[in-house]
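Participant: Just dropping this structure here.
The values are calculated or read from the model by the stated rules, or taken from the named source; none is laboratory data. Note that the structure is a prediction, hence the values are computed from the model and not measured. Cβ: placed from backbone, ideal geometry, glycine included. Neighbour counts: every protein chain shown. In case anyone asks, the SASA skips ligands and DNA or RNA and just uses the protein heavy atoms, side chains included. Shrake-Rupley method; radii C 1.70, N 1.55, O 1.52, S 1.80 Å.
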Amino acid sequence: MSRPSRRAVLSLVGGGTVLAATGGAAAFALTRTPHAALAPWDAAGTYADPRMRALSFGLLAPNPHNRQPWTAELVGDDGIVLRRDPARDLPVTDPFARQLTIGMGCFVELCRMAAAADGHATATDLFPEGEDGPVAVLRLAPGGTPDPLFAHVMDRRSHKEAFEDRAVTLDAAAPLAGLGRLHLDGPVRDELRALAADAWVAEITTPEALRESTDLLRIGRAEIEANPDGIDLGGPMMEGLALAGILTREAAGDIDNPTTRAVMERDEAVLRAAPALVSVATRGNDRLAQMEAGRRWMRLNLAATGAGLALRPVSQALQEYDAVAPMRAAVHDLVAAEGETVQMLGLLGYGARTPRTPRWPLETRMVDGRA
Ligand SMILES: Cc1cc2nc3c(=O)[nH]c(=O)nc-3n(C[C@H](O)[C@H](O)[C@H](O)COP(=O)(O)O)c2cc1C
């Protein structure tokens, strides 16, 4: 499951009426923005220590269900030890932490780019103590080559809205070409998006998988501020629906609830009609390959932003549990060469910009190794 577009929810339940009933929609809107949960976007780059500056951008990286599983420790004068917090695992939909590791790869790449923009080169040692130890040890030294893609860091999103009915041409997608495989039209595109949609339906009709998402719903400002992660349903409209008792965790987890079913059907339709797709595959599927996939996804997401394209990851058909196994196999038959693992699949098109998603402040992700 992913965050439903606000527009879809509203058009289904008549949000205008609900808002009117709560009284003073505009005034209400002003009070409902989760400012603290979004503050880390504005805090990026404002720290004195160059490592903290790099980390403050790193935490803006895309990551599954916005779990933000990272912790960081400063070591010596120039080092960062980066770990993945297993308390933030997604055992049903990501049983091998493959996707969470991809998110860590996104984080490392964004840190590296931020440091380079800031005049520092990053030496990266991945899994220096093996798979169960730190994900990476980074060392910063003066130098580094600024990367033009970093210019898009503040505008990058994982797209969650509908797509315009507009094809993606090869020219328009050219900046993405070296970073992923483009599926812009034709039978492979058609089959891929059908598989993505089938897997999405399989996920929402697998109770333990759906539950993993609904447990992570943050409904309304108070919940988002208390836990600035997971699937955030914020803003005055969502909050109005919550106040009216229409949007509840229980309703969202019940696919027989008419509103929930209608929202899900809308989302399924978005997948089935996606204008284009892009995939990222690696040779092999060990932790290093997963980190590499994350680094490439990060660059792809920034390149898409720079090209004016909206990119939405759709991971259900790549996941490793029984209900989606047939789709996973079919996706591999379709787009993977022998020995390759498809690590990421994304829908590509044009659409209204998705709002920023919440983040935990950097200070809350720092651990002190001496403690
Ligand atoms: C490995 C990985 C898998 C993801 N899978 C999905 C997905 O299946 N559906 C989706 O809507 N978003 C997916 N996302 C996007 C996250 O939901 C998103 O990164 C997170 O909510 C933070 O939002 P942002 O990327 O806009 O900053 C995925 C991201 C990563 C890194």
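Participant: I want to check the label-to-label distance for THR248 and THR145. Put each point 7 Å from Cα in the C-beta direction and report it in nm to one decimal.
Facilitator: Spacing of the two 7 Å Cα→Cβ label points: 5.8 nm.
Participant: Apply the Debye scattering formula to the range 140-190, with a single equal point scatterer on each alpha-carbon and no solvent, then give log10 I(q)/I(0) at q = 0.21, 0.28 Å⁻¹.
Facilitator: -1.06, -1.29
Participant: Convert 37 °C to kelvin, take the viscosity as 0.692 mPa s, use the Kirkwood radius over C-alpha pairs of the range 259-326 as Rh, and evaluate the Stokes-Einstein diffusion coefficient in µm²/s, rounded to a whole number. Present the calculation step by step, with values, prior to reporting the outcome.
Facilitator: Numbers: Rh = 14.3 Å.
Estimated diffusion coefficient is 229 µm²/s.
Participant: When the accessible area of the range 37-146 is split by element with a 1.4 Å probe, what percent falls to carbon and sulfur?
Facilitator: Carbon and sulfur atoms account for 52 percent of the accessible area of the range 37-146.
Participant: Hey, what number do you get for the chain at 222 nm if only DSSP H runs of n ≥ 4 count, each worth -39500 (n - 2.57), divided across all residues, to the nearest 500?
Facilitator: Rounded to the nearest 500, it is -13000 deg cm²/dmol.
Participant: For Cα pairs less than 8 Å apart in space and 6+ apart in sequence, what is the mean separation divided by the residue count of the range 37-146, i.e. the relative contact order in percent? Present the calculation step by step, with values, prior to reporting the outcome.
Facilitator: Details: 181 pairs, mean separation 29.4, N = 110.
So the answer I get is 27 percent.
Participant: Could you tell me how many cubic angstrom of Cα convex hull volume the range 37-146 has per residue? Could you put the intermediate results ahead of the total?
Facilitator: Values: hull volume 10.8 nm³, N = 110.
Looking at the range 37-146, the number lands at 98 Å³ per residue.
Participant: Return the single residue from GLY253, GLY351, GLY186 with maximal mean-square fluctuation; model: Gaussian network over the chain, springs between Cα atoms under 10 Å.
Facilitator: GLY186
Participant: Accessible area per residue of the chain at 1.4 Å probe, in Å²?
Facilitator: Heavy-atom SASA per residue in the chain reads 40 Å².
Participant: Using the basic label-point model (7 angstrom from Cα toward the beta carbon), what is the VAL367 to ASP132 distance in nanometres?
Facilitator: Modelled inter-label distance: 1.5 nm.
Participant: Describe numerically, in nm with one decimal, the distance between label points set 7 Å from Cα along Cα→Cβ at LEU170 and at GLU320.
Facilitator: Placing both labels 7 Å along Cα→Cβ, they lie 3.6 nm apart.
Participant: Bin all alpha-carbon pair distances of the range 95-235 at 10 Å intervals from 0 and give each bin's fraction as a whole percent.
Facilitator: 9, 22, 32, 30, 7, 0
Participant: Nearest 5 percent is fine: what portion of the DSSP beta bridges confined to the chain is antiparallel?
Facilitator: 90 percent
Participant: Between ALA121 and THR354, 0.36 nm times their residue separation minus their Cα-Cα distance comes to what?
Facilitator: That pair, ALA121 and THR354, stretches by 80.7 nm at full extension.
Participant: How much space per residue, in cubic angstrom, does the convex hull of the C-alpha atoms of the chain take up? Working shown, then result.
Facilitator: Details: hull volume 50.4 nm³, N = 371.
Once divided by residue count, the hull of the chain is 136 Å³.
Participant: For the chain, what relative contact order do you get, as a whole percent, if you take Cα pairs closer than 8 Å and at least 6 residues apart?
Facilitator: Details: 699 pairs, mean separation 99.2, N = 371.
Reported relative contact order: 27 percent.
Participant: Work out how much length GLU265 to MET154 would gain on full extension: take 0.36 nm times their residue separation and subtract the Cα-Cα distance, in nm to one decimal. Don't jump to the answer; show the numbers that get you there.
Facilitator: Values: separation 111, 0.36 × 111 = 39.96 nm, distance 3.12 nm.
This chain segment gains 36.8 nm when fully extended.
Participant: Which whole DSSP H helices in the chain pass both tests: a Cα extent of 24 Å or more along the axis and a mean Kyte-Doolittle value no lower than 0.5?
Facilitator: On the way: long enough: 98-117 (29 Å, 0.88); 186-204 (28 Å, 0.19); 287-306 (29 Å, -0.42).
For the chain, where a helix must reach 24 Å along its axis and average at least 0.5, the hits are 98-117.
Participant: Okay, next question. Work out how much length TYR47 to ALA177 would gain on full extension: take 0.36 nm times their residue separation and subtract the Cα-Cα distance, in nm to one decimal. Spell out each step's value before the answer.
Facilitator: Values: separation 130, 0.36 × 130 = 46.80 nm, distance 3.50 nm.
The TYR47-ALA177 span can extend by a further 43.3 nm.
Participant: If you don't mind, another one. Relative contact order for the range 304-371: what is it in percent, counting Cα pairs under 8 Å that are at least 6 residues apart? Please list the in-between numbers first.
Facilitator: Numbers: 54 pairs, mean separation 24.5, N = 68.
Relative contact order, the range 304-371: 36 percent.
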